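Structure first, commentary second.
Just so it is clear, none of the values below were taken in a lab; they were calculated from the coordinates. Predicted model, so just to flag it, every value in this text is computed and none were measured. Don't worry about glycine lacking a Cβ; one is built from the backbone with ideal geometry, like all the others, and counts go over all protein chains shown.
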Amino acid sequence: QLQASGGGVVQAGGSLRLSCAASGSIYSITEMGWYRPVSRDEVDLVALLKSEGTTKYGDSTKGRFTISRDTAENTFYLQINNLNPEDTAVYYCNAKRFDSSGWHDFWGQGTLVTVSS
């Protein structure tokens with residue numbers, strides 16, 4: 001179970017840090033990431049962090065977005081710098097766990113980021 005927070009209204013050029021708190025240990029998470037909708041049924045990758053530490057970013061988020069984690073707090077983060085109005089969206093956190101029974105997929109409820117020009 002994931003709880004996203006940190007969204008809000010910010011002026012263009014500002015920064016925000018989104019948080020995603022997991023109810024259990026994030027040591028068991030294979031991949032943790034942030035996504036934002038591009039249509040009613042489709043989400044776009046914002047940032048991904050794998051358990052071994054490798055990261056991946058969407059084409060539109062490279063350079064201004066940074067994903068990180070704090071295993072002691074069972075939380076992962078999305079730092080967004082130099083926000084622009086096109087970043088306005090609900091940001092959803094996601095965790096995927098792979099074990100002997102396959103992949104397990106968890107989503108947070110989303111946190112709204114609004115960037116004013």
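Rounded to the nearest 20 debye, the dipole size of the chain about its Cα centre is 160 debye, using +1 on the Cβ of Lys and Arg and -1 on the Cβ of Asp and Glu. The Cα atoms of the chain give a gyration tensor whose axes a ≥ b ≥ c have a/c of 1.5 or more with a/b greater than b/c, which makes the shape prolate.
What does the charge add up to near ALA95, with Lys and Arg as +1, Asp and Glu as -1, over the other residues with Cβ less than 10 Å from its Cβ? Show your work: numbers first, answer last.
Details: positive: LYS96, ARG97; negative: GLU31, ASP105.
Summing Lys/Arg as +1 and Asp/Glu as -1 gives 0.
When you restrict to C-alpha pairs under 8 Å that are six or more residues apart and normalise by the size of the chain, the relative contact order lands at 36 percent. Between rounded, prolate and oblate, where does region 26-84 land on the alpha carbon gyration tensor, with a ≥ b ≥ c its root eigenvalues, rounded for a/c under 1.5, else prolate if a/b exceeds b/c? Note, shape of region 26-84 comes out prolate.
Between beta-carbons, use under 15 Å as the cut-off and find the net charge around SER15, counting Lys and Arg +1, Asp and Glu -1. Before the final figure, lay out the partial values.
Values: positive: ARG17, ARG64; negative: ASP87.
Result for the local shell: +1.
Tally Lys and Arg at +1 and Asp and Glu at -1 over the other residues with C-beta under 15 Å from the C-beta of THR30: what net charge comes out?
Values: positive: LYS50, LYS56, ARG69, LYS96, ARG97; negative: GLU31, GLU52, ASP99, ASP105.
Once positives and negatives cancel, what remains is +1.
Distance from the alpha carbon centroid of region 1-27 to that of region 49-74 works out to 12 angstrom.
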